[in-house]
Amino acid sequence: MKNNSIYSIIKNNADDYSDKTAFINNLNKIKYDSFIKKIDEYALSFYNIGINKGDVVTLILPNSIDTFVCIYALNKIGAICNIMHHLSSEEEINNSINETSSHYIITYEDKLKSIENITSKECIYNVIYLSINDIVSPFDKIKNIFKKSIILPSKYISFYRLRIIGKHNKKNVKVCDKEDNLAIIISNHSKKIYLTNKNINSYAINYSYNNDILTQKNRYLCDSSIINSIPLIHRTLIYGQTIIVNGSDDINKFIDNIIKYRPNILEISSNTLEYLCSNKKINKEDLSYLKLIICGSSLLRNNVYQKAKLFLKNHYSNSKVVASFGMLESTSNITINDNLDDKIESAGLPIKGTSIKIINPDTKKECKPNEEGLICISGPTICRNDYNNLICSDDIGYLDEDGYLYYKSSMKRIIVSNGNKIYPEDIENIVKKHEYVKDASIVGVPHPYKKEVVKLYIVLKDKLILNSEIKKSIKEYCEKNISKYALPYAYAYRKELPKTNVGKIAYEELVNLKEE
């Protein structure tokens, strides 16, 4: 096993960028050398309260500088970081702690009440909590002065006390530096993704290697970036970028951060890109500072791409827009398409060291070019719980003659109606083009002889009031533009669509929702 933990990679590379800003968060800044010092300090503190190699520590924090310090500090001592969304429910947290045998929790002050029942268990040795004042703006700190303080059991340790432990103890902590060691568990609802040091490092190095815009020779384009997830952050730290931490799931605060900090790179979904192009607040901005937009997590439709190109041109930006595809099991995005004008709606070519096959879900045989099947990925980024470094996703797509990947839909979302396959993303994209529609989503609902039929949920644009004329217009538009076998069987209008903790549409909830 090679000596390459994610901590070691960052520490070694930080020497080249020691005086450069690593993170900006709520007007707070930290340089690379201070970031490493803080990691070392926290690692020593964690070690002194009893956290050792192989221990699982559950991290439930909104994105902040301290969140990322904790991840690398735990990695330094060989502990495993079980990352959960900060809005996870008590039941989700309890299940994750039991399944991962986690003995420590790192969370924030406002979360303590909701996990009180969990932390009272004997299996929880310590709860380390971050004061809300450590992660909010100076204005919010003033408001929190008047909040009533809470009395906590002795197993609870504040970050303030933790820092004191680290500063007053001068022991040397041995670095656990094996690339095959488990580094991170990502707990996402019922799914758990197990990532080793090798998975995360391979993604970070190979993704950047394939894209000239992200390499060191073009670092002048990479001064700052707004991103949140740890695989992406690890990649950018290797190449000395400044990371603007977006600590909220609120898309309007994301827009505010763009205007305030003027980043060079955005890593966003195509839905966010589309929202960006129509946002009134940013419509007045000079966006010449934007140099690169990477769209992942959902298909970048050509109409959204063309809309984005026009939007950027009108706002004085020659930013390049690239598409990407990936999933948690492959660490992050593992394809790049920086040729969207020629390879329209393709997710691109796989990064170095990664290969993609399309497998027929029925015969299990490899598909020919342009033949649809399950997207299967192999390579060093594939997470530990998948055998033979090969994972077949639930996603349907195909490869063209040049090896470019085209994503069609999630297999779970495909609707089979009277023997016809209906791809939800195709229908939703058509409906969203209607002048009255702000958002749309379809699900399959049971039917006595067709098996499933399409139910369409619609969110109207702001300030529109639903009436018979709007309903008629949308229905007639669908009948004109959607194949007869895929036409909605029912239309439901809602003020908003249900979302998961990470901001994606909760399709399972949609099946049983009624019209508002």
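For the structure I just gave you, tell me whether LYS421 is among the charged types (D, E, K, R), in a strand (DSSP E or B) and more than 30 Å from LEU87 (Cβ to Cβ). Judged against the criteria, LYS421 is a match. Which residue is surrounded by the fewest Cβ atoms within 10 Å (Cβ to Cβ), if the candidates are limited to the stretch 265-277 and must be under 19 Å from the mean Cα position of the chain (by Cα) and either part of a helix (DSSP H, G or I) or polar (S, T, N, Q) (or both)? By that ranking, first place goes to SER269.
Hey, any hits in the stretch 469-482 for a residue that's out of contact with any helix residue (DSSP H, G or I) (no Cβ under 8 Å at 6 or more places or on another chain), loosely packed, with under 13 Cβ neighbours inside 10 Å and over 28 Å from ASN302 (Cα atoms)? Yes, that holds for at least one residue.
Among the residues of the stretch 56-74, none qualifies, meaning not one is over 30 Å from ASP256 (Cα atoms) and among the charged types (D, E, K, R).
Filtering the stretch 416-435 to residues that are out of contact with any Lys or Arg (no Cβ under 6 Å at 6 or more places or on another chain), under 19 Å from LEU497 (Cα atoms) and modelled with pLDDT under 90 leaves GLU425, ASP426.
Looking at (1) in a helix (DSSP H, G or I); (2) under 25 Å from the mean Cα position of the chain (by Cα); (3) surrounded by 20 or more Cβ atoms within 10 Å (Cβ to Cβ), which is the only condition TYR47 fails? Every condition holds for TYR47 apart from (2). I'd like to verify a number: residues in the stretch 70-108 that are assigned to a helix (DSSP H, G or I) and under 18 Å from LEU195 (Cα atoms), how many? Counting residues in the stretch 70-108 that are assigned to a helix (DSSP H, G or I) and under 18 Å from LEU195 (Cα atoms) gives 11.
Looking across the stretch 285-318, the residues that are over 27 Å from ILE375 (Cβ atoms) and within 22 Å of the chain's Cα centre (by Cα) come down to LEU290, LYS291.
Within the set PRO380, PRO361, the sole residue that is part of a loop (DSSP other than H, G, I, E, B) and touching a Lys or Arg at 6+ places or on another chain (Cβ under 7 Å) turns out to be PRO380. In the stretch 285-306, the residues that are at positive phi and in the same structural domain as LYS260 (by TED's automatic domain parsing) reach residues that are in a strand (DSSP E or B) and surrounded by fewer than 17 Cβ atoms within 10 Å (Cβ to Cβ) with C-beta atoms within less than 8 angstrom, at least six apart or across chains, in these pairs: SER297/SER269.
Only a single criterion out of (1) farther than 20 Å from ASN13 by Cα; (2) out of contact with any Leu (no Cβ under 8 Å at 6 or more places or on another chain); (3) modelled with pLDDT of 80 or more; (4) crowded, with 19+ Cβ neighbours inside 10 Å is not satisfied by GLY247, namely (3).
For the stretch 197-235, the candidate set comprises residues that are assigned to a loop (DSSP other than H, G, I, E, B) and either modelled with pLDDT under 65 or more than 19 Å from the chain's Cα centre (by Cα) (or both); within that set, the residue that is surrounded by the fewest Cβ atoms within 10 Å (Cβ to Cβ) is THR215.
Residue count for the stretch 16-39 satisfying the condition of being aliphatic (A, V, I, L, M) and part of a loop (DSSP other than H, G, I, E, B): 1. Of the residues screened, LYS280 is one that is among the basic types (Lys, Arg), more than 22 Å from the chain's Cα centre (by Cα) and not in a helix (DSSP H, G or I).
Annotation note: Cβ proximity below 8 Å between a residue of the stretch 481-500 that is touching a residue at least 12 places away in the same chain (Cβ under 8 Å) and a residue that is among the aromatic types (Phe, Trp, Tyr) and part of a loop (DSSP other than H, G, I, E, B) (sequence gap 6+ or interchain) occurs for no pair.
Of all residues in the stretch 379-409, those satisfying the criterion of being buried (at least 18 other Cβ atoms within 10 Å of the Cβ), over 14 Å from ILE334 (Cα atoms) and of a type in the set (Ser, Thr, Tyr) are TYR398, SER409. Among the conditions (1) over 28 Å from TYR194 (Cα atoms); (2) part of a loop (DSSP other than H, G, I, E, B), VAL321 misses just one, which is (2).
The criterion of being in contact with a His (Cβ under 6 Å, 6 or more places away or on another chain), in contact (Cβ under 8 Å) with a residue 40 or more places away in the chain, buried (at least 18 other Cβ atoms within 10 Å of the Cβ) and within 27 Å of ASP249 (Cα to Cα) holds for ILE60. Would you mind stating whether GLU99 is more than 19 Å from the chain's Cα centre (by Cα), at pLDDT below 90 and of a type in the set (Asp, Glu)? Criteria not met by GLU99. Filtered by the rule that a residue be within 25 Å of LYS461 (Cα to Cα) and surrounded by fewer than 21 Cβ atoms within 10 Å (Cβ to Cβ), the stretch 278-298 gives SER278, ASN279, LYS280, LYS281, ILE282, ASN283, LYS284, GLU285, SER297, SER298. Taking each residue of the stretch 436-465 that is on the phi > 0 side of the Ramachandran plot and looking for partners that are surrounded by fewer than 15 Cβ atoms within 10 Å (Cβ to Cβ) with beta-carbon atoms closer than 6 Å, six or more apart or interchain, yields LYS451/VAL416.
Restricted to the stretch 314-349, and to residues there that are farther than 19 Å from ARG301 by Cα and touching a residue at least 40 places away in the same chain (Cβ under 8 Å), the residue that is surrounded by the most Cβ atoms within 10 Å (Cβ to Cβ) is THR331.
Against the list (1) touching a strand residue (DSSP E or B) at 6+ places or on another chain (Cβ under 8 Å); (2) at positive phi, the condition ASN360 fails is (2).
The values are calculated or read from the model by the stated rules, or taken from the named source; none is laboratory data. What you are looking at is a predicted structure, and each value in this text was computed from that prediction instead of being measured. Note that we place each Cβ from the backbone using ideal geometry, even for glycine, and neighbour counts take in every protein chain shown.
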